[in-house]
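In what follows, a single structure is set out as structure tokens and then discussed.
The values are calculated or read from the model by the stated rules, or taken from the named source; none is laboratory data. Worth saying up front: this structure is predicted, and the values here are computed from it rather than measured. With ideal geometry, Cβ positions are generated from the backbone for all residues, glycine too; neighbour counts draw on all protein chains shown. Areas reflect the complete protein model, heavy atoms only, side chains present, ligands, DNA and RNA absent. Shrake-Rupley method; radii C 1.70, N 1.55, O 1.52, S 1.80 Å.
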Amino acid sequence: DQNQLGEVFDSSTGFTLPSGADRSPDVSWVEKSRWDALTKDQREKFIPLCPDFVIEILSPNDSLKKTQKKMQEYIENGCRLGWLINRKKQEVEIYRPGQEVEVLKFPQTLGGESIIPGFVLNMQRIC
């Protein structure tokens with residue numbers, strides 16, 4: 001947000017993915033040019049695209065398998081980076097197109113890689 005590279009959204013924002021599925025990730029980010037290409041109408045309803053970056057935080061009521069499936073769905077629909085944060089297992093699953101899921105034992109920080117240069121999440125605040 002500080003670098004004005006795109007728009008950040010919380011779980012109250014809905015997206016209609018290219019597959020037709022409606023999703024509301026816990027945190028999401030859309031690259032600026034993609035956001036700017038939307039009409040005012042498109043921005044006010046379920047946004048008709050898949051975010052470039054998503055974060056899902058597994059809550060005690062969530063099914064790990066269902067959430068992992070949702071993460072794969074984001075990637076299949078154009079998401080470029082996804083983090084599934086599992087506080088109970090102290091793990092983060094990192095999803096990227098064309099790559100195997102990377103599982104990290106709770107790292108100190110996570111970076112936005114080339115998708116959101118300069119973005120770093122302090123994981124100590126999540127626990």
query: Quick one: is K105 in contact with a Phe, Trp or Tyr (Cβ under 9 Å, 6 or more places away or on another chain) and either within 15 Å of M71 (Cβ to Cβ) or without any contact (Cβ under 8 Å) to a residue 40 or more places away in the chain (or both)?
result: no
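Restricting the search to the stretch 47-75, which residues are in contact (Cβ under 8 Å) with a residue 12 or more places away in the chain and in a loop (DSSP other than H, G, I, E, B)?
Filtering the stretch 47-75 down to residues in contact (Cβ under 8 Å) with a residue 12 or more places away in the chain leaves 47-58, 60, 64, 67-68, 70-75.
P48, L49, C50, P51, D52, L58, P60 - these are the residues of the stretch 47-75 that are in contact (Cβ under 8 Å) with a residue 12 or more places away in the chain and in a loop (DSSP other than H, G, I, E, B).
If a residue must be small (G, A, S) and surrounded by 14 or more Cβ atoms within 10 Å (Cβ to Cβ), how many such residues does the stretch 26-84 contain?
So the first thing to find is which residues in the stretch 26-84 are small (G, A, S), and the list is 28, 33, 37, 59, 63, 78, 82.
Filter once more, so that each one left must be surrounded by 14 or more Cβ atoms within 10 Å (Cβ to Cβ): 28, 78, 82.
Final tally of qualifying residues: 3.
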- line: Those residues of the stretch 9-38 which are without any contact (Cβ under 8 Å) to a residue 60 or more places away in the chain, under 14 Å from E73 (Cβ atoms) and either part of a loop (DSSP other than H, G, I, E, B) or of a type in the set (A, V, I, L, M, F, W, C) (or both) amount to F15, S19, G20, A21, S24, P25
statement: Counting only residues that are more than 22 Å from E7 (Cα to Cα) and either part of a strand (DSSP E or B) or at pLDDT 95 or above (or both), the stretch 76-125 contains a total of 12
message: Kindly evaluate S19 against the criterion of being open to solvent by 30 Å² or more (accessible area, probe 1.4 Å), among the polar types (S, T, N, Q) and modelled with pLDDT of 95 or more.
response: yes
task: Tell me which of these S11 doesn't satisfy, since it passes every other one: (1) open to solvent by less than 50 Å² (accessible area, probe 1.4 Å); (2) over 21 Å from V103 (Cα atoms).
output: (1)
